[in-house]
Amino acid sequence: MLFSGEFLPGIDLVSICNWTFLLFFIGLVFYIQQESRREGYPLESDTRGRIEDKGQVWYGPKKAFHLPHGRGTVLQPHGTRDTRNHALRRTAVWPGAPYEPTGNPMKDAVGPGSYAERMDLADLTDDGRPRIAPMRLGDGYDVANEDADPRGMTVYGCDDQPGGVVVDLWVDRSEAIIRYMELNVGTSDAPKNVLLPIPFAVVKGSQRRINVHAITGAQFTDVPQTKVPDEVTRLEEDKVSAYYGGGKLYATPDRVEPWI
């Protein structure tokens with residue numbers, strides 16, 4: 001005998017909705033867990049460096065991401081590991097033990113100076129031009145009249161020593177903001193230009209100087225350079241920012257010591 005609302009004995013519309021939602025939610029959990037492993041997976045063992053077993057459940061099939069402007073296809077998860085030989089040594093054998101650098105930490109991609117192995121290609125705008133470019137290319141960008149123009153100002157490091165002179169500004173064409181200052185850190189016999197990310201610079205317009213707390217004046221000459229004078233790749237951007245970031249801890253010996 002069927003009661004009102006029952007499709008089968010003991011099964012009504014409410015039961016069907018509840019079971020449908022439960023099955024959908026279980027499937028959604030599995031799907032989200034698989035999709036969350038597109039980047040940064042599989043993991044490496046902290047102590048042995050081995051790649052963890054992917055198993056049969058939590059890793060979905062590889063997905064192809066087609067890059068714009070004909071730059072190829074990337075498969076994720078790629079299942080490869082970082083093969084760079086970092087100049088580090090473990091301070092203890094237990095998992096999670098800290099590492100300490102054994103070389104030049106500001107150049108060895110360790111600690112706050114670490115960076116990802118991004119594509120060594122320039123980021124592009126929708127119309128295919130390099131997204132970040134110097135103002136000298138004549139795109140119509142300039143510094144607002146209300147702000148001090150950093151070009152021509154001297155840059156000083158954390159030791160109050162000069163490190164270079166600003167010769168140009170690099171603008172983000174997609175967002176119309178300044179991303180980098182270009183510094184001349186060489187000599188007349190050996191000219192050399194490097195980039196300074198804007199967040200690391202404090203412009204003192206009235207004093208005609210720029211303060212950079214991250215590194216010393218002498219360390220500006222070791223900032224990673226770009227391969228092309230008017231273009232910066234994604235990998236080069238990470239290397240430049242990592243160098244200044246590493247200086248926040250490694251620029252001087254006293255920064256490495258504990259504060260307490």
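The values are calculated or read from the model by the stated rules, or taken from the named source; none is laboratory data. Here the structure is a predicted model, which means the values were calculated and not measured. Heads up, the Cβs are rebuilt from the backbone with ideal geometry, glycines too, and the neighbour counts pull from every protein chain shown. Just so you know, the surface numbers come from the protein's heavy atoms only, side chains and all, with ligands and any DNA or RNA stripped out. Shrake-Rupley method; radii C 1.70, N 1.55, O 1.52, S 1.80 Å.
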* To do: Give the residue that is most open to solvent (accessible area, probe 1.4 Å), with candidates limited to residues of the range 181-202 that are in a strand (DSSP E or B) and more than 11 Å from Y244 (Cβ to Cβ).
  => V202
* **the range 115-143, subset at pLDDT 90 or above and among the small types (G, A, S), residue farthest from the chain's Cα centre (by Cα)** => G128
* Restricting attention to the range 29-57, which residues are modelled with pLDDT of 75 or more, part of a loop (DSSP other than H, G, I, E, B) and farther than 28 Å from V93 by Cα? -> S36, R38
* Scan G157, G205 and give me the residue that is modelled with pLDDT of 95 or more and more than 18 Å from E231 (Cβ to Cβ). => G157
* Asked: For the range 58-159, list the strands (runs of 3 or more DSSP E) that sit wholly inside it and hold at least 3 residues that are loosely packed, with under 12 Cβ neighbours inside 10 Å; which are they?
  -> 63-66
* Only one residue in V143, V165 is of a type outside the set (G, A, S) and in contact with a Ser or Thr (Cβ under 6 Å, 6 or more places away or on another chain). Which one? -> V165
* Asked: If we keep just the residues of the range 237-260 that are hydrophobic (A, V, I, L, M, F, W, C) and over 21 Å from V212 (Cα atoms), which is most open to solvent (accessible area, probe 1.4 Å)?
  -> W259
* Please work out which residue is farthest from P162 (Cα to Cα), limiting yourself to the range 207-236 and to residues that are assigned to a helix (DSSP H, G or I) and open to solvent by less than 30 Å² (accessible area, probe 1.4 Å). => L235
